[in-house]
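Read the figures in this text as sums done on the coordinates, not as results from a lab. This structure is a prediction, so every number in the text was calculated from the model and none was measured. Positions of Cβ are backbone-derived with ideal geometry, glycine not excepted, and every protein chain shown enters the neighbour counts.
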Amino acid sequence: MAVWIVSRHPEGFLMIGLHTEDKDVHRFLWDVNDQIRTMRFTRVTFGNAASPFLLNATVQHHLARFDECRTVKELKDNLYVDDWLTGADSEEEICKLMSEGEKTMKEGGFTLTKWASNSQAVRREHSKMFGEFDEMSITKVLRLSWKTTGDYFHFVTLLSSEIGHCSKRILLSIIARLFHPLGLLTPFSITLKVLFQETWRRGFDWDDVLPNEFQVQMKAWIEGLDYVRDWKILRCISPVACDGGSQKELIVFADASEKAYGCCVYLRTTVNGQVFVNLVTSKTRVAPLKKTTLPRLELLAALLAAKLLKFVTSALQLETTGNSYTCWSDSQVALSWIKSNAAKWKQFVQNRVLEIQELTSPERWHFCPGKENPADLLTRGISAREMTNSNMWLHGPAWLNESQPRVVTWVLRFTTNCRPHQERRSSSELSPGELENGGITLLRCIQRERYEEEIEQLISGKEVKGGSPISRLSPFIGKDGLLRVQGRLAFASSLLYDEKHPIILPKCHLTLFLVKNKHYMMKHAGVDTLVTAIRNNFWIVSVRTLAKKICRSCIHCQRQDARACKQAMAPLPEDRVKKSPPFSVIGIDHAGPLFCSDTSNRKPYILLFTCAVVRAVHLELVDSLSLEDFILAFK
């Protein structure tokens with residue numbers, strides 16, 4: 001009996017043995033082991049489950065041998081299997097990047113081929129690397145077609161339009177083939193995912209022919225592919241390089257519905273007073289089959305938006321400061337959860353709020369009306385024709401393209417530039433820091449105008465006199481030079497600084513606009529809700545009076561709060577007002593039947609007499625509903 005023995009040698013290679021006394025077999029095994037000692041695994045086998053990992057590990061090990069530089073970093077971050085996707089802000093930089101990248105990879109035995117670029121100068125300079133250029137050629141990366149001559153993306157090889165009877169299996173196959181990593185087709189593709197979830201909800205089998213309503217929706221969806229194939233999306237999302245001459249801000253929108261929730265990220269670039277807004281990416285998820293409340297779905301959308309924002313910030317190598325991004329949602333409940341202490345809520349809300357607050361600053365979350373939220377297109381789904389014609393989907397709401405600085409901020413820049421020995425700013429666009437400084441200066445001027453005596457007393461170290469209208473607030477001057485409420489929440493670590501110490505403002509023209517804007521942003525909230533929301537940031541003297549004035553003058557609130565029309569009551573009839581004995585005016589009705597155990601073949605009824613004079617009630621038992629029994633009971 002022969003036994004094969006495979007063992008590992010201490011030097012790292014395998015040994016093969018056979019328990020036998022045949023000398024020829026021993027000599028054969030000895031030769032095989034000699035060959036194993038000399039063999040080395042120098043190729044990655046294509047198709048094995050571990051092949052992608054082995055390839056990536058090999059490339060990363062090779063790149064780790066080089067000093068850290070931009071080329072090595074680009075190869076580490078932007079190399080997907082065997083495709084390298086990168087770019088630069090100038091043609092000189094991209095040529096240098098290509099030369100260094102080719103040299104770096106060639107030292108490890110990796111030869112980079114099939115180059116593509118949208119620059120004719122780069123193609124001419126590196127003609128040997130690019131080979132013969134064909135203007136009609138299309139570069140395909142990750143199922144995304146890139147036309148280099150026009151520098152745009154399109155979906156010419158998306159799907160076949162010829163699909164027979166649709167089943168659950170075919171529906172899943174179409175969803176799997178619809179691969180768009182940037183999320184450009186999300187408003188169109190989510191309709192198919194929602195339809196697939198409905199097949200699970202109704203319990204269809206994999207190969208069952210779906211009902212006619214599903215077939216109609218699938219046919220309409222497939223016909224929309226013709227619009228998608230003709231759709232051209234510009235690759236460039238920023239018109240200039242990422243330098244100090246432009247301002248860049250990421251804008252993320254989140255929304256949810258009963259069917260799905262999702263988010264989308266836009267890059268807002270401001271150059272010389274001009275604003276450019278373009279879609280970067282989007283993500284969407286189908287709502288869980290288990291019934292979930294809409295506010296919780298909105299919170300899930302906000303969490304998805306926070307995660308996507310962090311990923312895009314890292315991918316685009318943008319700053320992580322608070323002024324580099326803004327988050328928008330149309331759910332007041334979700335925004336209240338995000339801006340408050342997470343420990344107050346139940347476990348589901350608490351865990352997600354904590355994660356959102358770790359990824360983003362609660363102060364950067366704002367309210368956006370549903371009609372102006374482009375993420376709303378993700379949650380309800382739209383047709384291909386609507387998507388390709390939607391300017392809001394590719395460029396966001398119209399107000400993102402508007403530049404509305406404060407006049408006060410321009411005045412401050414002018415005065416700063418006029419002073420000697422000051423660093424002058426010649427940019428035509430205001431920075432976020434300048435805008436914030438302008439707002440603080442405006443509030444400081446208003447406080448100086450109304451509370452100059454109180455400010456002087458606090459500066460000199462004295463207390464505010466008792467006759468002052470703000471003495472009961474125990475005011476103090478903050479680090480920003482603004483009067484603030486002392487309060488008793490100084491050690492509340494879960495609250496923001498403005499919530500612990502609101503800014504004191506008088507009743508004036510500016511505060512009237514502040515309250516009015518808050519009233520509109522909160523969808524015409526009532527007086528109590530409006531006052532509570534304002535006191536999160538400001539303590540306005542006589543704020544309740546301002547809130548009542550604004551709510552009473554609001555046309556929408558007048559329509560909603562108007563009292564119902566009350567019809568004048570007619571005079572009572574004569575029988576109700578003249579003096580009469582009981583049961584002189586009566587109402588009669590039958591009730592029943594009643595079932596008696598001793599007389600199973602009979603069903604008695606109750607004859608009910610009600611007195612309209614004194615509201616007395618009299619009951620009579622009758623044998624049937626016949627006229628004879630009624631007359632007897634009536635007598």
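Under 8 Å for C-alpha pairs, at least 6 residues apart: give me the relative contact order for the chain, rounded to a whole percent. Result for the chain is 7 percent.
For the listed peptides 255-267, 194-206, a ranking on the average number of other beta carbons within 10 Å per residue, highest first, reads 255-267, 194-206. Taking other C-beta atoms within 10 Å as the exposure proxy, Phe348, Phe153 rank Phe348, Phe153 from fewest upward. For the Cα trace of the range 50-127, dividing Rg by the Kirkwood Rh returns an Rg/Rh value of 0.97. Relative to the longest principal axis of the Cα atoms of the chain, the long axis of helix 51-63 lies at roughly 70 degrees.
Listed values (i) 0.99; (ii) 1.14; (iii) 1.16 include one computed from this model; for Rg/Rh (Cα atoms, Kirkwood Rh) that value carries the label (iii). Debye-formula intensities of the range 444-561, expressed as log10 I(q)/I(0) at q = 0.09, 0.11, 0.12, 0.22 Å⁻¹, are -0.28, -0.40, -0.48, -1.22 (one equal scatterer per alpha-carbon, no solvent).
Summarising the label geometry, the points placed 7 Å from Cα in the beta-carbon direction at Ser493 and Glu223 lie 6.2 nm from one another.
Using the Cβ-Cβ distance between Arg544 and Tyr80 with R0 = 56 Å, the FRET efficiency computed as 1/(1 + (r/R0)^6) comes to roughly 0.40. For the range 575-634, the C-alpha radius of gyration divided by 2.2 N^0.38 Å, with N the number of residues, is 1.36. Of the GluC sites (Glu not before Pro) found in the range 441-547, those that fall in a DSSP loop while having at most 16 other beta-carbon atoms within 10 Å are Glu463.
Relative to the dominant Cα principal axis of the chain, helix 91-106 is inclined by about 60°. Comparing Cα centroids, the range 316-381 and the range 513-536 end up 20 angstrom apart. Report the chymotrypsin sites (Phe, Trp or Tyr not before Pro) located in the range 538-635 that are in a DSSP loop and have at most 15 other Cβ atoms inside 10 Å of their Cβ, or state none. The qualifying sites are Phe583, Phe595.
In terms of distances greater than 23 angstrom between alpha carbons, the cross-link table entries Lys76/Lys114; Lys140/Lys259; Lys307/Lys339; Lys232/Lys310; Lys371/Lys548 yield Lys140/Lys259; Lys232/Lys310; Lys371/Lys548. Kindly express, to the nearest 10 degrees and within the range 0 to 90, the angle between helix 23-38's C-alpha long axis and the longest C-alpha principal axis of the chain. Value to nearest ten degrees: 70. Between Met522 and Glu92, residue separation times 0.36 nm minus the direct Cα-Cα distance comes to 149.6 nm. Take the Cα of Lys106, step 7 Å toward its Cβ, do the same at His556, and the gap between the two points is 6.6 nm. Calculated on the alpha-carbon coordinates, the convex hull of the range 168-401 measures out at 128 cubic angstrom per residue.
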